[in-house]
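First up is the structure itself, then whatever we jot down about it.
Just so you know, all these numbers are worked out from the coordinates, no wet-lab data involved. Since this is a predicted model, take the numbers as computed values, not measurements. Virtual Cβ from ideal backbone geometry, glycine too; neighbours counted across all protein chains shown.
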Amino acid sequence: MANTYTLISSVTVGAGGVSSISFSSIPGIYTDLCLKFSLRGNRASVYDQIYLDINGGGTAATARYVMGNGSSASSGTTGAQIALGTGSTATANTFGNGEVYFPNYAGSSYKSYSAEGVNENNGTEAHASLFGSSWSNTSAITSLLIYNNGGTISQYSTAYLYGIKNS
Amino acid sequence: MAITKLSGSSLTNINKYDSFLAGNAAYDPGAYYLIERVTVGSGGSSTITFNSIASTYKHLQVRYVSRNTTALDSFLIRFNSDTGSTYARHKLSGDGATASAGATTATTYMASADYPTGTSTFGAGVIDVLDYANTNKYKTMRVLAGYDANGSGLIDFRSNLWQSTSAVTRIDITSNSNSFAQYSSFALYGIKGA
């Protein structure tokens, strides 16, 4: 597996935070993409929704999810959301942990992808969520934009985009 | 006829390079490295330890299969030998009929899904720790694990929190009761991010 897994780009958020994290000009030379993220947002809650726009957001994604909040489980539908990240009232210094996997991201069919994320907190409420998502567009994925409900992604948040080859 | 002697005067159009890499594509070692793999022997083992983990990667991942010597069991996972009440854990769980969620806070260990006993059925899981060496962050672990024993089983999606900004340098995975049985196997990978 070693030489098939390549870092394309990474982002570490500096002081003051950012409104979004962007990966652009993603080359079509890999088989799959894997996005890993460790985020904290400024939403005044234990959690902060994390969203993903593909290729500028012109085509909306659709998704099904299953989620636990520390006391109960639920399931539903959503759009561009890929995780429930960590919000500003969660335990200090705590960041979420998530991953999105895009198989055949440069193919000519619609793009299906999976996302999973957790936001931790030293309290009963914390969220673990799994998403099955679809982007109804035949274009190759060339850019990804991560943003949150709160509007600001906090300092020390990180995101890493990997390309995965089949040879 | 075998070549027994080669002289410079017998060669034409010679290009001389000082490096074996000249003329070849740049070598890409990739970002995904096996740090260590532990496979349990015939006597079983109560604890799997990955120690002296270097900070040269961005993320850690443990992939495992596990079977208990005696009964259905749970994991105790700790970082850096910390046995204090510095952990929290949460789970989303399904048993084939019902989905549920739970939380444990201010606790002394982290966990993965329970794992089975039996002659040939193993639990399997993937554990991810992002930014494990980042000293600005507490460490959040993400776990997807489960098993099916042809009549029983479960699937867990879990998170664990270690409330420390220290780099993770040691991981202990302990069987709560009894031991990990023979052929249980744990592999630690490092994933580079720069």
Restricting the search to segment A:121-145, which residues are within 14 Å of chain B (Cβ to nearest Cβ) and either buried (at least 16 other Cβ atoms within 10 Å of the Cβ) or more than 25 Å from B:Tyr32 (Cβ to Cβ) (or both)?
A:Asn121, A:Asn122, A:Gly123, A:Thr124, A:Glu125, A:Ala126, A:His127, A:Ala128, A:Ser129, A:Leu130, A:Phe131
Total residues in segment A:98-120, condition buried (at least 20 other Cβ atoms within 10 Å of the Cβ) and over 22 Å from A:Thr77 (Cα atoms)
2
Tally up the residues in segment A:19-50 that are in a loop (DSSP other than H, G, I, E, B), within 13 Å of another protein chain (Cβ to nearest Cβ) and in contact with a Ser or Thr (Cβ under 8 Å, 6 or more places away or on another chain), please.
3
Residue identified as surrounded by fewer than 16 Cβ atoms within 10 Å (Cβ to Cβ) and either among the basic types (Lys, Arg) or out of contact with any Leu (no Cβ under 6 Å at 6 or more places or on another chain) (or both) among B:Thr69, B:Thr104, B:Thr83
B:Thr83
Within segment B:78-117, the residues that are assigned to a loop (DSSP other than H, G, I, E, B), under 29 Å from B:Gly44 (Cα atoms) and of a type in the set (A, V, I, L, M) are B:Ala111, B:Ala113
Hey, among B:Leu154, B:Leu144, which residue is within 19 Å of A:Ala128 (Cα to Cα), crowded, with 18+ Cβ neighbours inside 10 Å, of a type outside the set (Val, Ile, Thr) and more than 10 Å from chain A (Cβ to nearest Cβ)?
B:Leu154
So how many residues does segment A:51-78 have that are touching a residue at least 24 places away in the same chain (Cβ under 8 Å) and either touching a strand residue (DSSP E or B) at 6+ places or on another chain (Cβ under 8 Å) or not in a loop (DSSP other than H, G, I, E, B) (or both)?
19
B:Ala149: without any contact (Cβ under 8 Å) to a residue 40 or more places away in the chain and aliphatic (A, V, I, L, M), yes or no?
yes
Does B:Arg37 fit the bill of being among the basic types (Lys, Arg), more than 26 Å from A:Leu39 (Cβ to Cβ) and not in a loop (DSSP other than H, G, I, E, B)?
yes
Conditions: (1) away from chain B (no Cβ under 13 Å); (2) polar (S, T, N, Q); (3) free of Cβ contacts under 8 Å to residues at least 60 places away in the same chain. A:Thr94 meets all but one. Number of the miss?
(1)
Among the numbered criteria (1) more than 8 Å from chain B (Cβ to nearest Cβ); (2) without any contact (Cβ under 8 Å) to a residue 60 or more places away in the chain, which single criterion is violated by A:Ser154?
(2)
Return the only residue of A:Ala90, A:Ala83 being surrounded by 23 or more Cβ atoms within 10 Å (Cβ to Cβ), within 21 Å of A:Gly17 (Cα to Cα) and over 13 Å from the mean Cα position of the chain (by Cα).
A:Ala90
Filter segment B:114-130 down to residues that are touching a Leu at 6+ places or on another chain (Cβ under 6 Å) and either within 17 Å of A:Glu120 (Cβ to Cβ) or within 12 Å of chain A (Cβ to nearest Cβ) (or both), then give me how many there are.
2
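For every residue, the table says whether it meets (1) of a type in the set (A, V, I, L, M); (2) touching a residue at least 60 places away in the same chain (Cβ under 8 Å); (3) out of contact with any strand residue (DSSP E or B) (no Cβ under 8 Å at 6 or more places or on another chain).
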residue	(1), (2), (3)
B:Arg89	no, yes, no
B:Gly94	no, yes, no
B:Ala99	yes, no, no
B:Thr104	no, no, no
B:Lys139	no, yes, no
B:Leu154	yes, yes, no
B:Val168	yes, yes, no
How many residues does segment B:40-62 hold that are closer than 29 Å to A:Gly96 by Cβ and buried (at least 17 other Cβ atoms within 10 Å of the Cβ)?
9
With the checklist (1) of a type in the set (Ser, Thr, Tyr); (2) more than 13 Å from the chain's Cα centre (by Cα); (3) within 15 Å of A:Gly57 (Cα to Cα) in hand, flag the one item A:Ser133 doesn't pass.
(2)
